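Undergrad: Here it is: the structure, laid out below.
The values are calculated or read from the model by the stated rules, or taken from the named source; none is laboratory data. What you see is a predicted model; the values in this text were computed from it and never measured. Here the Cβ is made from the backbone with ideal geometry for all residues, glycine too, and neighbour counts use every protein chain on show.
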Amino acid sequence: MTAARDVESAVQRGRLRASTRGTFQAVALLVREERARIQAAAVSDARRGEQLKRLDGVATVLARTAARDGSLLNLLSDDGGLLPDTRSLLRELRLAAGMEAPPEPPAAPEGQAPASGAERRVVPQSVVSRQLANPFLEPDFSAAATAHRPRLLATWELIGPLLRSFENASGGAPSCMPLPSPTSLQVAGGRELMPHQAQVVAAAASGHRTFLLADEPGLGKTAQALLAADAARAYPLLAVVPNVVKTNWAHEAALWTPGRSATVVHGDGHTVDAFSDLVVVNYDVLHRHVGWLSTFGFRGMVIDEAHFIKNKGAQRSQSVLELSKRIRERSPRPLLMALTGTPLINDIEDFLSIWEFLGWIGKDEPGSDLMAALEHNGLTPTDPGFSPAARAAVIDLGIVRRRKVDVASDIPARRIADMPVELEGALGRSIRSAEAALARRLVKRYQSALEARAPGVAVVGIDHALVRKVAGWERQDTKEDSTGDNVFSMMRRIGQAKAVLAADYTAQLARSAGKVVFFAKHIDVMDAAEETFTQRSLGYCSIRGGQTTKARQASIEAFQNDPDVAVAVCSLSAAGVGINLQVASNVVLAELSWTNAEQTQAIDRVHRIGQDQPVTAWRIIAAQTIDARIAELIDDKAGLAARALDGSGDVTSSVDVQLEALVTLLTDALQDLQKPPG
């Protein structure tokens with residue numbers, strides 16, 4: 001009943017996501033199964049009636065929910081098929097109800113379609129084209145590692161002692177492998193690395209091939225991984241990442257390795273470019289693509305937020321480990337990198353899956369390189385010096401751990417990092433459709449203004465003065481009548497669409513870096529974020545308008561002093577000034593401000609006197625929408641103001657950005673019209 005109520009609540013709020021649809025389908029199927037079981041069970045009529053009445057209550061909730069959204073009824077048809085998440089959700093519901101879950105279906109042989117009801121695997125057409133273009137591509141076993149034959153430690157159980165070597169490490173024990181000094185900080189495209197980033201790239205260039213990169217968030221792990229792959233020539237490269245950051249990986253690849261192409265796997269991979277150097281796929285859909293990914297010929301693999309695979313029994317963990325094994329079998333000395341900001345000494349058992357991904361250990365024993373290092377030490381687990389020597393042997397395989405405070409001289413005291421996200425599904429399509437409709441309205445207004453001019457006035461190309469006039473008229477009309485699709489309503493809808501993605505990223509930051517301040521403009525975005533934190537069992541406090549002074553102060557003190565309160569959910573207007581939240585060093589800006597000043601005021605709640613760490617503000621930006629244009633405009637205006645006033649203030653007004661956003665939208669649309677067909 002709880003799951004059915006959750007679906008009903010989501011539909012009432014208009015938040016019908018893929019996971020909600022899967023839950024609806026799973027609950028409906030479970031109700032059908034239970035009804036058939038009860039009807040056939042040898043129980044008294046009274047008992048049967050009681051059980052059926054309880055099921056009728058759940059069915060009533062589902063029917064009421066489907067009446068609100070008719071598309072849910074399609075999920076109940078016999079030929080509709082199961083959604084990707086339904087089978088796992090159905091299993092979870094059975095277990096939660098104390099019922100016996102059916103066994104997992106066996107994997108189909110390679111090249112054979114899975115049996116009915118088994119997990120679906122796909123092969124995108126682009127991958128088939130690549131295979132046809134390279135028909136003789138074979139695995140390279142020329143540098144296959146030879147197993148080390150242990151002598152001293154042949155009969156010892158070593159995984160437990162290796163874990164204890166980390167648990168029992170004294171304060172001040174090293175947690176980072178020796179890294180070479182970089183010869184240069186310059187990279188392609190004129191960009192410059194920070195010194196700590198360049199050290200990892202130099203290590204890859206010198207031949208090191210496995211890394212557990214555990215730098216704190218904000219220290220540029222993505223750039224390090226991409227440039228390490230470039231230095232190691234580890235292409236094609238596979239990156240397995242959380243859904244919320246997969247668009248950002250493609251964005252970062254374009255910035256740091258502009259000579260390399262990247263493709264992102266969405267859903268069944270219909271848009272994949274299999275000839276790309278970098279393939280980015282999220283954990284949620286990885287199981288569908290394991291088949292073709294395992295034979296693709298990757299020379300490197302990166303997993304981001306590597307603590308996602310800590311549970312070896314989870315499907316995503318098994319998929320990652322299968323891919324890693326196949327890559328290590330088929331490629332000579334591949335580059336393998338696990339990125340996570342989670343501290344190494346907490347819950348060290350969770351890192352066994354990561355060590356196995358990297359090839360440092362097998363299922364129950366050290367791998368060849370680690371075993372050779374342990375044998376070389378000449379110590380057994382009973383010797384007093386075994387633990388520090390064993391810990392050093394693991395670290396030297398590639399553990400890299402730096403904190404912000406350790407490399408404070410490398411990074412700015414305050415920086416803004418953009419995090420592009422993809423708005424998928426019906427909501428994303430509706431936003432892009434509304435933006436296109438606004439652009440068409442502006443074009444029509446521009447063309448009407450051209451036609452109204454005196455005869456004989458010729459215009460070559462785009463009349464930019466008229467473009468600005470049309471944008472001004474649109475902005476004035478919107479100010480007088482705020483109904484319909486306009487730049488303000490679109491930005492609000494984009495904020496609503498980003499809310500859960502921004503909250504998910506905030507939760508990841510909180511798990512790995514400690515307290516985070518989350519800023520939003522609108523109450524519904526704050527509500528969606530708080531709901532997400534509740535679902536993630538993450539403690540939060542709320543600072544918003546309408547609170548009493550006492551309630552507001554209680555929230556601030558809870559965030560500052562209570563270790564269980566990981567996130568402060570703040571209103572930009574109500575919490576952007578006058579409060580101190582410097583107990584955090586990470587800020588998430590879920591919605592864009594119209595001015596750089598408002599954005600700066602929010603960041604300054606954290607970046608102020610008493611802050612002893614560099615501050616990173618993560619700005620969540622909806623890719624391929626007007627959101628990205630406005631972010632650029634805010635930055636451009638802020639830069640102009642800073643240069644004009646020599647850093648003395650911000651003269652950018654919200655009117656400037658709103659007008660320029662419309663100018664940009666209309667200009668882009670006119671340029672598209674003037675492009676030759678084809």
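Undergrad: On the basis of being under 40 Å from the mean Cα position of the chain (by Cα), at pLDDT 80 or above, assigned to a helix (DSSP H, G or I) and not small (Gly, Ala, Ser), does Thr23 make the cut?
TA: Considered against the rule, which asks whether it is under 40 Å from the mean Cα position of the chain (by Cα), at pLDDT 80 or above, assigned to a helix (DSSP H, G or I) and not small (Gly, Ala, Ser), Thr23 comes out as yes.
Undergrad: Separate question: Out of the residues in segment 261-289 meeting the condition of being in a strand (DSSP E or B) and touching a Pro at 6+ places or on another chain (Cβ under 8 Å), tell me which one is surrounded by the fewest Cβ atoms within 10 Å (Cβ to Cβ).
TA: Among them, the one singled out is Asn282.
Undergrad: Being in contact (Cβ under 8 Å) with a residue 60 or more places away in the chain and out of contact with any helix residue (DSSP H, G or I) (no Cβ under 8 Å at 6 or more places or on another chain) is the filter; apply it to segment 272-298 and report the residue that is nearest to Thr340 (Cα to Cα).
TA: Val285
Undergrad: Mind listing whichever residues of segment 178-224 are in contact with a Gly (Cβ under 6 Å, 6 or more places away or on another chain) and among the hydroxyl-bearing types (Ser, Thr, Tyr)?
TA: The answer is Thr210, and nothing else.
Undergrad: Pull up segment 447-469, narrow it to residues that are assigned to a helix (DSSP H, G or I) and touching a Ser or Thr at 6+ places or on another chain (Cβ under 9 Å), then point me to the one that is modelled with the highest pLDDT.
TA: Top of the filtered list is Val467.
Undergrad: Could you check segment 376-388 and list, in sequence order, the residues that are buried (at least 18 other Cβ atoms within 10 Å of the Cβ) and of a type outside the set (S, T, N, Q)?
TA: Across segment 376-388, the qualifying residues are Leu379, Phe386.
Undergrad: From the list Thr506, Thr549, which residue is surrounded by fewer than 18 Cβ atoms within 10 Å (Cβ to Cβ) and hydroxyl-bearing (Ser, Thr, Tyr)?
TA: Only one candidate passes the filter, namely Thr549.
Undergrad: In segment 462-477, which residue that is of a type in the set (D, E, K, R) and free of Cβ contacts under 8 Å to residues at least 40 places away in the same chain is nearest to Gln447 (Cα to Cα)?
TA: Only one residue tops the list, namely Asp463.
Undergrad: Same structure again: Is it fair to say Ala554 is aliphatic (A, V, I, L, M), modelled with pLDDT of 90 or more, surrounded by 15 or more Cβ atoms within 10 Å (Cβ to Cβ) and out of contact with any strand residue (DSSP E or B) (no Cβ under 6 Å at 6 or more places or on another chain)?
TA: Criteria not met by Ala554.
Undergrad: Let me ask you something else. For segment 566-581, indicate whether the set of residues that are part of a helix (DSSP H, G or I), at pLDDT 90 or above and either touching a Phe, Trp or Tyr at 6+ places or on another chain (Cβ under 6 Å) or farther than 20 Å from Ala10 by Cβ (or both) is non-empty.
TA: Scanning segment 566-581, I find no residue that is part of a helix (DSSP H, G or I), at pLDDT 90 or above and either touching a Phe, Trp or Tyr at 6+ places or on another chain (Cβ under 6 Å) or farther than 20 Å from Ala10 by Cβ (or both), so the answer is no.
Undergrad: While we're here: Would a scan of segment 515-523 turn up a residue that is modelled with pLDDT under 95, farther than 22 Å from Val615 by Cα and out of contact with any Pro (no Cβ under 8 Å at 6 or more places or on another chain)?
TA: Checked segment 515-523: at least one residue is modelled with pLDDT under 95, farther than 22 Å from Val615 by Cα and out of contact with any Pro (no Cβ under 8 Å at 6 or more places or on another chain).
Undergrad: Can I ask one more? Any idea which of Leu29, Leu76 is at pLDDT 75 or above and surrounded by 13 or more Cβ atoms within 10 Å (Cβ to Cβ)?
TA: Leu29
Undergrad: What is the residue count in segment 231-254 for residues that are touching a Lys or Arg at 6+ places or on another chain (Cβ under 9 Å) and either within 19 Å of His307 (Cβ to Cβ) or modelled with pLDDT under 90 (or both)?
TA: Final tally of qualifying residues: 2.
Undergrad: Which ones in segment 310-329 are in a helix (DSSP H, G or I), more than 11 Å from Thr295 (Cα to Cα) and out of contact with any helix residue (DSSP H, G or I) (no Cβ under 7 Å at 6 or more places or on another chain)?
TA: Scanning segment 310-329 gives Gln318, Lys325, Arg328.
Undergrad: Given the options Leu132, Leu179, name the one that is of a type in the set (A, V, I, L, M), surrounded by fewer than 12 Cβ atoms within 10 Å (Cβ to Cβ) and at pLDDT 65 or above.
TA: Sole residue among the options that is of a type in the set (A, V, I, L, M), surrounded by fewer than 12 Cβ atoms within 10 Å (Cβ to Cβ) and at pLDDT 65 or above: Leu132.
Undergrad: When both residues are 6+ apart or on different chains and their Cβ atoms are under 7 Å apart, which pairs have a first residue that lies in segment 532-545 and is assigned by TED's automatic domain parsing to the domain that holds Ala602 and closer than 16 Å to Gly514 by Cβ, and a second that is surrounded by fewer than 18 Cβ atoms within 10 Å (Cβ to Cβ) and of a type in the set (A, V, I, L, M, F, W, C)?
TA: Correct list of pairs: Cys541/Ala558.
Undergrad: Still on this structure, please answer the following. Given (1) assigned to a loop (DSSP other than H, G, I, E, B); (2) under 15 Å from Thr257 (Cα atoms), identify the lone condition not met by Gly189.
TA: It fails just one condition, (1).
Condition check ((1) in the same structural domain as Ala306 (by TED's automatic domain parsing); (2) under 30 Å from Arg492 (Cα atoms); (3) touching a residue at least 24 places away in the same chain (Cβ under 8 Å)) across all residues:
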{"position": "Met371", "(1), (2), (3)": "yes, no, yes"}
{"position": "Gly378", "(1), (2), (3)": "yes, no, yes"}
{"position": "Pro384", "(1), (2), (3)": "yes, no, no"}
{"position": "Ala393", "(1), (2), (3)": "yes, no, no"}
{"position": "Ile399", "(1), (2), (3)": "yes, no, yes"}
{"position": "Ser433", "(1), (2), (3)": "no, yes, no"}
{"position": "Ala439", "(1), (2), (3)": "no, yes, yes"}
{"position": "Lys444", "(1), (2), (3)": "no, yes, no"}
